[in-house]
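The values are calculated or read from the model by the stated rules, or taken from the named source; none is laboratory data. Note that the structure is a prediction, hence the values are computed from the model and not measured. Cβ placement follows ideal geometry from the backbone for every residue including glycine, while neighbour counts extend to all protein chains displayed.
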């Protein structure tokens with residue numbers, strides 16, 4: 001079952017996750033760069049910073065911090081996750 005928010009490469013949905021138990025290893029830098037490159041190539045890209053305590057993907061992308069975060073969503077302080085998307 002698909003949704004409008006799924007990415008497809010060669011008609012196949014693609015999802016990647018980047019994780020590490022240690023901070024400062026370049027996850028944010030890698031994901032920001034990869035997301036920008038894929039978007040420039042015309043792919044639909046959704047990036048989620050899953051760091052509940054120190055999400056800073058917005059800084060790497062040079063955009064304003066979001067009004068609500070994933071932490072707000074998981075703690076019930078905000079409604080539907082789709083409403084937290086930053087364009």
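A few comments on the model shown:
- Taking the range 51-87 as the range and being part of a helix (DSSP H, G or I) and surrounded by 11 or more Cβ atoms within 10 Å (Cβ to Cβ) as the test, the residues that pass are 57, 58, 59, 60, 61, 70, 71, 72, 73, 74, 81, 84.
- Qualifying residue in the range 37-50 (condition: in contact with a helix residue (DSSP H, G or I) (Cβ under 7 Å, 6 or more places away or on another chain), over 16 Å from residue 15 (Cβ atoms) and surrounded by 13 or more Cβ atoms within 10 Å (Cβ to Cβ)): no
- Qualifying residue in the range 8-16 (condition: at negative phi, surrounded by 13 or more Cβ atoms within 10 Å (Cβ to Cβ) and free of Cβ contacts under 8 Å to residues at least 40 places away in the same chain): no
- Condition met for residue 29 (modelled with pLDDT of 85 or more and in a loop (DSSP other than H, G, I, E, B)): no
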